[in-house]
């Protein structure tokens with residue numbers, strides 16, 4: 001009896017335990033299921049796994065039903081943990097650039113890598129983008145081109161200390177060696193100036209006028225106006241007085257030289273003249289000549305009309321020389337002579353003696369004409385002379401005006417040694433009329449070039465600023481003049497000569513020194529040669 005009751009009590013206890021366990025499991029299961037359902041209704045994120053406690057929101061956000069495009073993770077991106085409670089959506093990760101290929105092994109040690117700049121941290125909360133629209137995928141960022149593999153070069157010696165301003169070194173090349181300082185070369189001696197090219201456009205040059213162009217035509221004349229004695233020519237070749245009215249070369253020599261025709265111009269009446277000198281030009285000028293026939297008669301010089309007669313005789317001589325010459329050109333002698341005359345340059349100078357000797361030197365001419373009418377007469381005479389030259393075949397003609405005659409030493413006022421402004425005015429008046437007439441002739445005569453060559457301006461500048469041209473004395477002549485020709489010419493003596501002829505503007509009472517002639521004619525060639533050689 002006792003045993004059966006015992007058995008019954010044990011069986012009941014087992015039954016109760018089983019029921020209790022079953023009830024406990026049901027309660028646990030129901031409780032857990034309801035809790036998960038309730039939590040998912042109130043909070044959109046999963047409950048597990050939960051890395052840290054989540055605050056229970058009062059107003060949970062409404063999830064956006066539209067799906068957001070998610071960029072595929074890059075090749076080197078790692079799996080990202082589920083987002084936390086931050087209200088900002090996480091930006092898509094940027095694709096990482098591929099690492100550059102490893103450089104080819106070089107026997108030289110590679111330079112240390114440059115420090116990479118630290119990445120800038122992104123802002124705390126980027127602006128919320130608008131709703132994404134279906135757009136084409138953005139183009140991938142350009143990948144940096146890998147540097148070219150360096151050529152194998154021998155390893156250099158240990159580099160020297162860097163210079164104060166080092167140059168950038170290529171990425172894989174050896175550092176360049178500093179170039180050695182160049183040794184200063186000895187300064188070379190100045191090379192001799194190259195020879196001037198021969199003139200190809202002006203075959204000959206012809207000079208007419210007064211003592212400015214006279215190279216010895218007065219030597220064989222019965223005239224008091226001569227310069228074939230010392231000290232004239234003391235600086236000329238071989239120190240010979242050739243009849244040039246200066247201490248050396250005169251204007252005709254320098255003009256022919258700078259034109260590229262010849263170095264020295266011979267006088268046409270020189271008995272020693274050579275036939276070859278005729279082919280390149282001569283001088284017909286005579287000291288004391290003028291456009292007014294009275295002027296040449298008073299000085300017993302070669303009148304301007306007689307100089308044209310000599311020019312006609314010259315043409316006949318050249319014609320005979322050309323006929324005898326064996327030339328490669330199949331031209332008749334006369335035709336070739338005409339070509340020589342037409343392409344040559346004829347230069348005329350005059351008017352100074354007409355003013356100094358004929359008008360201001362004697363009262364007879366001043367009683368007949370005033371200065372205005374007299375300058376018109378000699379300007380017309382100059383135009384007539386040019387027309388006759390044109391008739392003989394000359395087509396390139398230059399006419400030189402008069403200088404400031406009132407400032408030459410023989411014409412300065414004796415008391416204060418100042419310029420004679422009345423004579424300067426007469427010179428300017430004549431020059432203006434000569435310029436006007438030559439301009440009219442150029443328009444009238446076909447195939448001709450008439451050029452007025454101004455020397456008044458250049459000599460006036462030399463008188464005003466002599467130091468700019470290298471002159472010291474402009475009022476006195478270098479040689480001592482006498483009473484002959486109103487103090488215009490030097491005495492026949494060498495005892496009264498200035499110590500430095502190059503510092504004097506005037507050689508005698510009227511004529512410039514050799515250096516002054518050189519300076520004046522350089523300016524004339526620079527201004528007028530391009531017109532005369534057309």
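Nothing in this text is a laboratory measurement; each read-out follows from the coordinates by a stated rule. All figures in this text were calculated on a predicted structure; none of them were measured in a lab. Don't worry about glycine lacking a Cβ; one is built from the backbone with ideal geometry, like all the others, and counts go over all protein chains shown.
Points worth noting:
- The mean sequence distance of close C-alpha pairs (under 8 Å, at least 6 residues apart), as a share of the length of region 452-534, puts its relative contact order at 28 percent.
- Counting 0.36 nm for each residue step from residue 469 to residue 366 and taking away their Cα separation leaves a gain of 33.4 nm.
- The per residue volume of the convex hull around the alpha-carbon atoms of region 368-512 is 157 Å³.
- Projected label points at residue 315 and residue 414, each 7 Å from Cα along the beta carbon direction, are separated by 4.8 nanometres.
- Modelled this way, with points 7 Å down the Cα-to-C-beta line, the labels at residue 503 and residue 16 are 15.4 nm from one another.
- Separation of alpha-carbon centers, region 378-433 and region 254-333, rounded to whole Å: 22
- Relative contact order [Cα under 8 Å, 6+ residues apart], region 213-260, whole percent: 36
- Three principal axis lengths of region 419-464 [C-alpha, angstrom, descending]: 41, 20, 7
- A Cα-only calculation for region 220-269 places Rg and Dmax at 11.4, 34 Å.
- The modelled label-to-label distance between residue 29 and residue 491, using points 7 Å beyond Cα along the C-beta direction, is 16.0 nm.
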